[in-house]
Amino acid sequence: MKIDKKLIKELVDDLKKFELTELEYQEGQTKIKVSKAYKEIEQIKTSAVVSPNKSVLKSSDDSEAIRVKSPIIGTAYLAPEPGAKKFVEIGDKIKKGQTVMIVEAMKTMNHVPSTSDGEVKKILIEDGQPVEFGQTLVILK
């Protein structure tokens, strides 16, 4: 089964457009569910309380950082198989296109490539953790 990334992107855009937290689509045996990450929902709920002064909110360390984001909803794995060496560690220098982790979706292992050359500053997920479309996985500097 081929995953229709264009359809998933349209569903994610509809989430934002209609201010939804979750959206489900089904056609025949194919069923796609997209939802906002819990943190994003909490930010929406508390956004009126937070100061609009962005300099207070934004860490100067991460402002120029490169973020590698999940291209799909699934389960993230830091290594090619249990017990194997991780694809990247904090402090590793990596090249554009190098695999930083795998996101499994519908029993398909999707390699997540680095979007740029850089050094791994933070790995924001744990091995085996569910991830959302567009969720930041790794921060490079």
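Taken together, the values in this text are just the output of simple stated rules run on the coordinates, not laboratory data. No experiment lies behind these values; they were computed from the predicted model shown. No Cβ is skipped: glycine too gets one built from the backbone with ideal geometry, and neighbour counts run over all protein chains shown.
Note the direction-averaged projected area, equal to a quarter of the hull surface, for the Cα convex hull of the range 59-141, in nm².
Average of the hull's projected areas for the range 59-141 equals 5.1 nm².
Which peptide among 129-136, 117-124 comes first, and what is the full order, when sorted by highest mean count of other Cβ atoms within 10 Å?
So the order, starting with the most tightly packed, is 129-136, 117-124.
Would you please give the FRET efficiency between residue 30 and residue 104, computed as 1/(1 + (r/R0)^6) with r the Cβ-Cβ distance and R0 = 22 Å, to the nearest 0.05? Please report the intermediate quantities before stating the final value.
Working: r = 17 Å, r/R0 = 0.79.
Calculated value: 0.80.
Order 77-85, 21-29 from most to least packed using the mean count of other Cβ atoms within 10 Å. Present the calculation step by step, with values, prior to reporting the outcome.
Working: 77-85: 12.4, 21-29: 10.1.
Going by the mean number of other Cβ atoms within 10 Å, highest first, we get 77-85, 21-29.
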